[in-house]
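Trainee: Okay, here's the structure, questions in a sec.
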Amino acid sequence: MKDLIKQALDNGISRRKLMKGLGAAGLGATAVKTLADTLTPATARAADAGPVSATRTITAQGGTLFTQQLKDAGVEFMFANPSTGDGPIYDSLVNEPGIQLIKGIQEGAVVAMADGYARLSGKTGVCGIANVGLPNGMTQLVNTYKDNIPVLMVVAAFGTDVAGRDYAQDYDHQEPMMSPITKWFWMAESTQGIPDVTRRALKFAATPPSGPVFLSIPDNLLKAEATAAIMDQKRFTVSMKVRPDHADVMTLAKMLIEAKNPIMTVGDEVTMGQAEKDVLELAELLGLTVAGQGGQGNWSKPFPTRHPLFIGGFQSTMRFPGEVDIHLNMGDQGAERPMKGATLISIRSNPTGLARANPVDLGMVSDIRLAARDIIDAVKGMATKERLKQIADDRSARTRDYHASQVKMREMIATDLNSGSEIKMERLAVELEAGLEKDTIYVSDCDSGRTMDPLLSWGGADKTYISTGPNILGWGVAAATGAKLARPNRPVVSCVGDGSMLFGGPQPLWSQARYNAPVTNIVVNNRSYNNERNRIWSFIAGQQFKTGKDMLCYNGSPDVDFAKAAQAFGVEGEVVKDPAQLKPAIARAKKANVDGRPYMLDINVARDGVGAASTWYPAYSIADQRTRKV
Amino acid sequence: MKKYLVAVAFAASVLAIVSVHAQTSPQGPEGAAQGQPGARTPGQVPTTTPAAQAPSPAPPPGAFQQAGPPGALPDGDGKEIVAVACTQCHGPSVFMQLRMGEAAWKNQVYDMVLRGAQIGPDEIGRAIKYMATAFGPGVPFPGPQAPAVTLADGAGKEIVEGGCALCHGLDRIAVAKRAPDQWKRIVDRMVFFGSPLSDDQQKTALAYLSAQYGAPQTAAK
Ligand SMILES: Cc1ncc(C[n+]2csc(CCOP(=O)(O)OP(=O)(O)O)c2C)c(N)n1
Ligand SMILES: [Mg+2]
């Protein structure tokens, strides 16, 4: 009996098993119940009592309890890389066709695949990695956290029976290190409680403002068996579709009608709230000039960039539209900045982001789509159709002219920079705009390569753009794999710098090859941390700039051939050096995708900027140091 | 005596970088002086808005900012475009210390437009010309002197001095030994930036640099 009690305290064995054991040890029914009540964790007792949310009760290993809760919550894919301790999780999927495993061969890739899947599906990306590989995955989880993407990361932790004894691979308390980059983190406390803690993790991840959560489950709990309730996840899903205050909406509608030179900024919360169409309707109804969504922490482009009301990125001072009187910010953290002389109204679905960095004149917490709808209705209720049309026409005339001049400007640049024997990024952008399907999902993980973005069309009926706000590199190829999984019927292209490609490594290509993910991967290969060098040399302008010695940013010598690397990982590809070869190479990539295969285009582009001509680096030969040739 | 003109190479992308940083840098800290507006009744917006009074948000600690006062732009046709369009993301001191010819300035201004500079097709030509005139090779830079460096004697020394010191100190040449293919790339680029060397002079300069400041040629990259 002593053993049984110890087991209950250490491992949290199921209440049923405990009671059975105590009975078998000769205790009477009342004594059994009293003792069991004392020894069973409260959560387990609650579950045992059969929570009202239970859909079914099963007796199984902890690993199975975890995956069955995932399954009932609608999880279809799990991105994973194994350890010994999490064996029961994957054992449970041997006969479970409802959850498809997608293996990644480095934890960063596993996390970024889950992240890309979540961005495109709107569902929570679930990933499991080894506890010792956790720091590998953390880098990419920073992108996930900063961009509010719902991801559940699970690890099998050191068993509660042995943790803390400093055995090999045991490091104390890994959970708190996830604190700054997760919405919530937890360690499961009993086998029986696994479904409950899992459904809580899923709820926290998905509830807006969404984000990554971390769950560690001690390996002995995963292995132990318990009877537990699997819960109906829907009953824990709470709507965060908060409506804005009616009086505020009325005030705002009046301001927007009376404004002389209003601007609307748009950001990721429009994408997250699926408010693209509504925000567009609001802009058109009132002839609002629209800016934002590029850079400054945004990872998506929800407003069609080729729409005549769109003028590009936002700055606090803008030559066009000049002096703004009303600035309406719809879900753009980066654009929530005061413009001189303007009243700033910021509508944000993320309450912690609202007025966090800068003061606002009117802050409204609301679902972005509902806010747009309410404003539209209020505006329509305050002015006749004719008057609104007049207002929109008057206001938008200037913006349309400005937009048209930008189009002309871009054409001029594209034509002008289209010459020469080297491939310039602008030329590549023009070829991509011409060659990619209109419904392509374009996954960008570039630094200097972002100058290509304005030369392509995004949003609305055009291509979908996704990137990361914080630009933590090594995300793109894996994220594109996850994106293709979420949207198999749309073309998916990843576009990454050579530096970015090397941060992520070729490992995501392995997953593309194994799972036949027809993705076109483009490496914008300038053999350099091009923009990083530019920033170091100009912002710091220290000894590297003064001496012309590029200490760390030159990536040549050895020159990486990404097509060969891809081939080694099961993805065919080619190196493109000649501008004239771009078009046929893109066509070959598309053909491979049509045939169901991924493809790699290693595009050798010109370095640009300060120190671009230099291939110098601080050379050193270890071989030369030897006094013994071994 | 040579004036230390800030390196032409500096020019090539400093604006691009500033702009990138401006796009990715975090927002300034909270406008502490204004404090929180008092409790607000829904539907009411403060009439004296903090935004209207607030100075531009200060950069967070550690953020890159072009140091020093903005300084006045020299007069010239196109100044009014540059004065406004090129200071929305960064101060003018970023480009005032650069020296480049027209072709290089054109690339630079194009790059800026792709990063969001609000310049139209009808005015871009004037903006480029203004930059190439006000900040072209040979325009004196009122900064610190370059460390005095005497280049090694050899055929082509004067050509190198004339072609390079127009925009930067000769210390930059003497500091590193480079393989011939690297010198070739650098000379080509400097000519693009505005170094006025003829084809023959470029060849002579290249031979001089490879002989005096050369490193063994490594495998072609
Ligand atoms: C994981 C990670 N490590 C380091 C950095 C810092 N960093 C920013 S840009 C950059 C170089 C990027 O090189 P590349 O992807 O080739 O882009 P390029 O500017 O050459 O187009 C580095 C190292 C980062 N953003 N993310
Ligand atoms: Mg690069």
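The values are calculated or read from the model by the stated rules, or taken from the named source; none is laboratory data. Just so you know, these numbers come straight off a predicted model, no measurement behind them. Virtual Cβ from ideal backbone geometry, glycine too; neighbours counted across all protein chains shown. Just the protein is used for accessible areas: all its heavy atoms, side chains included, with ligands, DNA and RNA removed. Shrake-Rupley method; radii C 1.70, N 1.55, O 1.52, S 1.80 Å.
Trainee: Looking only at the range A:283-328, count every residue that is outside any loop (DSSP other than H, G, I, E, B) and either without any contact (Cβ under 8 Å) to a residue 24 or more places away in the chain or over 22 Å from the mean Cα position of the chain (by Cα) (or both) and tell me the total.
Mentor: Qualifying residue count, the range A:283-328: 11.
Trainee: Got at least one residue in the range B:126-139 being among the basic types (Lys, Arg) and open to solvent by 40 Å² or more (accessible area, probe 1.4 Å)?
Mentor: Yes; the residues of the range B:126-139 include at least one that is among the basic types (Lys, Arg) and open to solvent by 40 Å² or more (accessible area, probe 1.4 Å).
Trainee: I would also like to ask the following. Filtering the range A:589-607 down to residues that are assigned to a loop (DSSP other than H, G, I, E, B) and out of contact with any helix residue (DSSP H, G or I) (no Cβ under 6 Å at 6 or more places or on another chain), which residue is nearest to A:Asp550 (Cα to Cα)?
Mentor: Only one residue fits best here, namely A:Ala606.
Trainee: Tally time: how many residues in the range B:83-99 are within 14 Å of the chain's Cα centre (by Cα) and either more than 11 Å from every other protein chain (Cβ to nearest Cβ) or without any contact (Cβ under 8 Å) to a residue 24 or more places away in the chain (or both)?
Mentor: 6
Yes or no, residue by residue, for (1) more than 11 Å from A:Pro195 (Cα to Cα); (2) crowded, with 21+ Cβ neighbours inside 10 Å; (3) not assigned by TED's automatic domain parsing to the domain that holds A:Asp170:
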| site | (1), (2), (3) |
| --- | --- |
| A:Thr64 | no, yes, no |
| A:Gln68 | no, yes, no |
| A:Phe79 | yes, yes, no |
| A:Gly85 | yes, yes, no |
| A:Ile89 | yes, yes, no |
| A:Ser92 | yes, yes, no |
| A:Asn95 | yes, no, no |
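Trainee: Those residues that are of a type outside the set (S, T, N, Q) and away from chain B (no Cβ under 12 Å), I need them from the range A:344-364; list them, please.
Mentor: Those that are of a type outside the set (S, T, N, Q) and away from chain B (no Cβ under 12 Å): A:Ile347, A:Arg348, A:Pro351, A:Leu354.
Trainee: Now, a different point. Looking for something in a loop (DSSP other than H, G, I, E, B), within 16 Å of ligand 2 (Cβ to nearest atom), assigned by TED's automatic domain parsing to the domain that holds A:Gly556 and surrounded by 24 or more Cβ atoms within 10 Å (Cβ to Cβ) - is there at least one such residue anywhere in the range A:470-478?
Mentor: Yes, there is a match, as at least one residue in the range A:470-478 is in a loop (DSSP other than H, G, I, E, B), within 16 Å of ligand 2 (Cβ to nearest atom), assigned by TED's automatic domain parsing to the domain that holds A:Gly556 and surrounded by 24 or more Cβ atoms within 10 Å (Cβ to Cβ).
Trainee: Still on this structure: Report the residue count in the range B:150-173 for those that are open to solvent by less than 40 Å² (accessible area, probe 1.4 Å) and more than 17 Å from B:Ala207 (Cβ to Cβ). It would help to see each step written out before you state the result.
Mentor: The first filter runs over the range B:150-173 and keeps only residues open to solvent by less than 40 Å² (accessible area, probe 1.4 Å), leaving B:151-152, B:154, B:156-157, B:160, B:163-165, B:167-173.
When the remaining residues are screened for being more than 17 Å from B:Ala207 (Cβ to Cβ), the result is B:165, B:167-172.
So the answer is 7.
Trainee: Can you tell me which of A:Ala205, A:Ala226 is assigned to a helix (DSSP H, G or I), in contact (Cβ under 8 Å) with a residue 60 or more places away in the chain, in contact with a Lys or Arg (Cβ under 9 Å, 6 or more places away or on another chain) and not assigned by TED's automatic domain parsing to the domain that holds A:Asn329?
Mentor: Residue meeting the stated conditions: A:Ala205.
Trainee: For A:Met187, work out the one condition from (1) closer than 23 Å to A:Gly74 by Cβ; (2) among the hydrophobic types (A, V, I, L, M, F, W, C); (3) open to solvent by 10 Å² or more (accessible area, probe 1.4 Å) it doesn't fulfil.
Mentor: Condition not satisfied by A:Met187: (1).
Trainee: Spot the failing condition for A:Gly505; the list is (1) farther than 25 Å from B:Tyr110 by Cα; (2) more than 14 Å from ligand 1 (Cβ to nearest atom), and only one is missed.
Mentor: That leaves (2) as the condition not met.
Trainee: Across the range A:409-454, what is the total count of residues that are away from ligand 2 (no atom under 16 Å from the Cβ), more than 27 Å from the chain's Cα centre (by Cα) and part of a loop (DSSP other than H, G, I, E, B)?
Mentor: Within the range A:409-454, residues that are away from ligand 2 (no atom under 16 Å from the Cβ), more than 27 Å from the chain's Cα centre (by Cα) and part of a loop (DSSP other than H, G, I, E, B) number 5.
This table checks each residue for (1) buried (at least 22 other Cβ atoms within 10 Å of the Cβ); (2) within 15 Å of ligand 1 (Cβ to nearest atom); (3) within 30 Å of A:Glu258 (Cα to Cα).
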position: A:Arg395; (1), (2), (3): no, no, yes
position: A:Arg398; (1), (2), (3): no, no, yes
position: A:Ile413; (1), (2), (3): yes, no, no
position: A:Asp416; (1), (2), (3): no, no, no
position: A:Leu428; (1), (2), (3): yes, yes, no
position: A:Cys446; (1), (2), (3): yes, yes, no
position: A:Thr451; (1), (2), (3): yes, yes, no
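Trainee: Further, regarding this structure: Of A:Ser210, A:Ser121, which residue is at pLDDT 95 or above and crowded, with 19+ Cβ neighbours inside 10 Å?
Mentor: Just one listed residue meets the conditions, A:Ser210.
Trainee: On to the next question. Going through the range A:453-464 one residue at a time, which ones are of a type in the set (S, T, N, Q) and open to solvent by 10 Å² or more (accessible area, probe 1.4 Å)?
Mentor: Hit for the range A:453-464 is A:Thr464, nothing else.
Trainee: Then there's this: Given the residues A:Asp374, A:Asp361, which is the only one that is under 30 Å from A:Lys340 (Cβ atoms) and without any contact (Cβ under 8 Å) to a residue 24 or more places away in the chain? Walk me through it before giving the result.
Mentor: Details: A:Asp374 fails: without any contact (Cβ under 8 Å) to a residue 24 or more places away in the chain.
Just a single option satisfies the conditions, and that option is A:Asp361.
Trainee: I've got another one for you. As an exercise: evaluate A:Thr520 against (1) away from ligand 1 (no atom under 16 Å from the Cβ); (2) in contact with a Pro (Cβ under 9 Å, 6 or more places away or on another chain); (3) within 14 Å of chain B (Cβ to nearest Cβ) and give the number of the one condition it does not meet.
Mentor: Failed condition: (3).
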